[in-house]
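Participant: Handing you a structure now.
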Amino acid sequence: MPHTDVATQQKTVSISRRGREVQGSPIRKLASLAEARKKNGTRVYHLNIGQPDLPTPRAVFDAIQGLDLKTLAYAPSNGLPPALTAWKKYFAHHGMTYDERELIVTAGGSEAIVFAMEAVCDPGDEVIVFEPFYTNYNGFATIADVKLKPILLSIENGFHLPSEQEIEKMITPRTRAILFCNPSNPTGTVYTREELQRLASIASRHGLFILSDEVYREFAYEGEVTSITSFPEIRDRVIVLDSCSKRFNVCGARIGVLASHNDEVVSTVLKFGQARLSVATIEQLAVAPLLSDPEPYTAPIVEEFRRRRDAVYEGLAKIPGVTFYKPEGAFYIVIGLPVKDSEHFAKWLIEEYSFENETLLLAPAQGFYATPGKGMNEVRLAFMLNIDDLHKSLRILAAALETYQKKF
Ligand SMILES: Cc1ncc(COP(=O)(O)O)c(C=O)c1O
């Protein structure tokens, strides 16, 4: 037998195009620098991340401890009956009528968004989004092989929607849906009924689905959020994407839902659900009591975030050169800074700057835009600190901007 060198016969392996292209989390980019800074004894205020800092309601852990399961079996692919009934009650509480058969329990709102994209788009189809947008929409679109078509919003009007004509300009023969988040991450904008009417009319006229991400539904500080589900003329084309994560402080439970009155959408999403078998059994059962009677859990959380929103709004007014508006909902705001490159500023803050041995971790807003060069002087602030720490953070921001402007 002739000797063959196995090593020279080996062919190289390569990562997929989608794998190469998928975006890493821009929010976490600077996090390792923050860890290094903390190790060196500097206190870092995290204004960068959207994970609520408040405790999870005791009822969740009580429900888990009260379980008497002999076997941890797969749940049905559409969700466990008690979880489906709980979601139905939750929606009814908000004046939205969904039957259990119109709901699919998902692994967080994230899976609901991916399923919705996959159900309404073929590879290469387009989904309209409004930028700045929740940055993981990029990742979801890559997973679903869908192209996001961003429509630019402006800080000048608090990131409210443009005219019908502006939106329609982006529609092509490949456009299948409009995806938006109301209240919005990252801007905190709550769209008015009139703005939603614009989207409803466009969806009707152009035969588009509306993918309505309502994971921040309760976080509205100037009156209730109008859901796009309240327009009966688009009943068949609205897909609601929802989640327990933020409203109950249960991000780690990974329980979301996809809701639709369109039988074909639901049966299609169920097939995706069957392919991944099911969502975690224990967590579905654990959040069901909260969904069935949400108000006692959500009301104090929302109140706390209203106080924080007000504190941030008042604090920003004291910082010269900052562009901002009053966010109507969620727990974020995108602000304009008197700097050329907010990524450079954020990096400098976390690597070098110190104010009484403390500094800030910010999320540069470029990561929330798909259009290159947009949001260059903007950052997103998340209100995940108590009011005293928020006040302190804004004082640090003011002092840092003064030093930075002298230095660069
Ligand atoms: C706008 C928006 N949609 C969806 C999600 C997904 O959250 P989850 O998968 O935890 O439900 C998030 C999380 O930050 C979000 O901000």
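Participant: Would you mind telling me which numbered condition in (1) of a type in the set (A, V, I, L, M, F, W, C); (2) more than 15 Å from Glu351 (Cα to Cα); (3) surrounded by 13 or more Cβ atoms within 10 Å (Cβ to Cβ); (4) touching a residue at least 40 places away in the same chain (Cβ under 8 Å) Leu69 fails?
Facilitator: Unmet for Leu69, out of (1) of a type in the set (A, V, I, L, M, F, W, C); (2) more than 15 Å from Glu351 (Cα to Cα); (3) surrounded by 13 or more Cβ atoms within 10 Å (Cβ to Cβ); (4) touching a residue at least 40 places away in the same chain (Cβ under 8 Å): (3).
Participant: Moving on to the next point. With the structure loaded, tell me whether Glu303 is of a type in the set (Asp, Glu), more than 16 Å from the ligand (Cβ to nearest atom) and assigned by TED's automatic domain parsing to the domain that holds Leu161 or whether it fails that test. Give the derivation first.
Facilitator: Values: of a type in the set (Asp, Glu): yes; more than 16 Å from the ligand (Cβ to nearest atom): yes; assigned by TED's automatic domain parsing to the domain that holds Leu161: no.
The answer is no for Glu303.
Participant: While we're here: From Ile234, Ile228, which residue is touching a helix residue (DSSP H, G or I) at 6+ places or on another chain (Cβ under 6 Å), β-branched (Val, Ile, Thr) and away from the ligand (no atom under 16 Å from the Cβ)?
Facilitator: Values: Ile228 fails: away from the ligand (no atom under 16 Å from the Cβ).
After ruling out the rest, the residue left standing is Ile234.
Participant: Go through the range 96-117 and give me each residue that's more than 20 Å from Pro76 (Cβ to Cβ) and away from the ligand (no atom under 16 Å from the Cβ).
Facilitator: Met96, Thr97
Every residue, every condition in (1) within 21 Å of Thr135 (Cβ to Cβ); (2) aliphatic (A, V, I, L, M); (3) away from the ligand (no atom under 16 Å from the Cβ), yes or no:
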site	(1), (2), (3)
Arg308	no, no, yes
Ala311	no, yes, yes
Lys318	no, no, yes
Gly321	no, no, yes
Phe331	yes, no, no
Asp341	yes, no, yes
His344	yes, no, yes
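Participant: Are any residues in the range 346-373 under 23 Å from Ile128 (Cβ atoms) and either at pLDDT 95 or above or within 18 Å of the chain's Cα centre (by Cα) (or both), and if so, which ones?
Facilitator: Keep residues of the range 346-373 that are under 23 Å from Ile128 (Cβ atoms), which gives 365-373.
Once the filter is applied, which keeps residues that are under 23 Å from Ile128 (Cβ atoms) and either at pLDDT 95 or above or within 18 Å of the chain's Cα centre (by Cα) (or both), the range 346-373 yields Ala365, Gln366, Gly367, Phe368, Tyr369, Ala370.
Participant: Going through the range 120-144 one residue at a time, which ones are buried (at least 23 other Cβ atoms within 10 Å of the Cβ) and small (Gly, Ala, Ser)?
Facilitator: Ala141
Participant: Note down all Cβ pairs under 6 Å where the first residue falls in the range 128-142 and is within 11 Å of the ligand (Cβ to nearest atom), the second is at pLDDT 95 or above and part of a loop (DSSP other than H, G, I, E, B), and they're at least six residues apart or on different chains.
Facilitator: From the range 128-142, the pairs are Tyr134/Asn185.
Participant: Please specify each residue of the range 216-242 satisfying the condition of being among the polar types (S, T, N, Q) and either closer than 18 Å to Asp99 by Cα or under 15 Å from the mean Cα position of the chain (by Cα) (or both).
Facilitator: Within the range 216-242, the first condition is being among the polar types (S, T, N, Q), and the residues that meet it are 226-227, 229-230.
Of everything in the range 216-242, those that are among the polar types (S, T, N, Q) and either closer than 18 Å to Asp99 by Cα or under 15 Å from the mean Cα position of the chain (by Cα) (or both) turn out to be Ser227, Thr229, Ser230.
Participant: Could you please tell me which pairs satisfy a Cβ distance under 7 Å, a separation of 6+ or placement on different chains, a first residue in the range 102-119 that is assigned by TED's automatic domain parsing to the domain that holds Asn249 and farther than 25 Å from Thr175 by Cα, and a second residue that is basic (Lys, Arg) and within 12 Å of the ligand (Cβ to nearest atom)?
Facilitator: Note: pairs meeting the criteria are Ala107/Arg254; Gly108/Arg254.
Participant: Still on this model: Residue check, Val269 against (1) free of Cβ contacts under 8 Å to residues at least 12 places away in the same chain; (2) within 22 Å of the chain's Cα centre (by Cα); (3) under 30 Å from Glu100 (Cβ atoms), all met but one. Which one?
Facilitator: (1)
Participant: Residues that are at pLDDT 95 or above, closer than 22 Å to Val146 by Cα and surrounded by 17 or more Cβ atoms within 10 Å (Cβ to Cβ): does the range 189-199 have at least one?
Facilitator: For the range 189-199, residues at pLDDT 95 or above, closer than 22 Å to Val146 by Cα and surrounded by 17 or more Cβ atoms within 10 Å (Cβ to Cβ): present.
Participant: Something else now. Mind listing whichever residues of the range 175-230 are outside any helix (DSSP H, G or I) and of a type in the set (Asp, Glu)? Even if it seems obvious, please write down each step before you answer.
Facilitator: Of all residues in the range 175-230, those outside any helix (DSSP H, G or I) come to 175-192, 207-227.
Of everything in the range 175-230, those that are outside any helix (DSSP H, G or I) and of a type in the set (Asp, Glu) turn out to be Asp213, Glu214, Glu218, Glu222, Glu224.
Participant: Kindly check whether there is at least one residue in the range 156-171 that is more than 15 Å from the ligand (Cβ to nearest atom) and touching a Gly at 6+ places or on another chain (Cβ under 9 Å). Before you say what the answer is, go through the steps one by one.
Facilitator: If we filter the range 156-171 for residues that are more than 15 Å from the ligand (Cβ to nearest atom), which is where we start, we get 156-158, 160-171.
Okay, now just the ones that are also touching a Gly at 6+ places or on another chain (Cβ under 9 Å), so 158.
Yes, the conditions are met somewhere in the range 156-171.
Participant: Let me confirm something: among Phe368, Phe355, which residue is touching a Ser or Thr at 6+ places or on another chain (Cβ under 6 Å) and not assigned by TED's automatic domain parsing to the domain that holds Thr189?
Facilitator: Details: Phe355 fails: touching a Ser or Thr at 6+ places or on another chain (Cβ under 6 Å).
So the residue among Phe368, Phe355 that is touching a Ser or Thr at 6+ places or on another chain (Cβ under 6 Å) and not assigned by TED's automatic domain parsing to the domain that holds Thr189 is Phe368.
Participant: Out of the residues in the range 237-256 meeting the condition of being within 8 Å of the ligand (Cβ to nearest atom) and of a type in the set (Lys, Arg), tell me which one is surrounded by the fewest Cβ atoms within 10 Å (Cβ to Cβ).
Facilitator: Filtering first and then ranking leaves Arg254.
Participant: Run Asn182 past the list (1) under 18 Å from Leu258 (Cβ atoms); (2) away from the ligand (no atom under 11 Å from the Cβ) and report the number of the one that doesn't hold.
Facilitator: Unmet condition: (2).
The values are calculated or read from the model by the stated rules, or taken from the named source; none is laboratory data. Note that the structure is predicted; figures quoted are calculated from it, not measured. All Cβ positions, glycine included, derive from the backbone under ideal geometry; neighbour counts span all protein chains shown.
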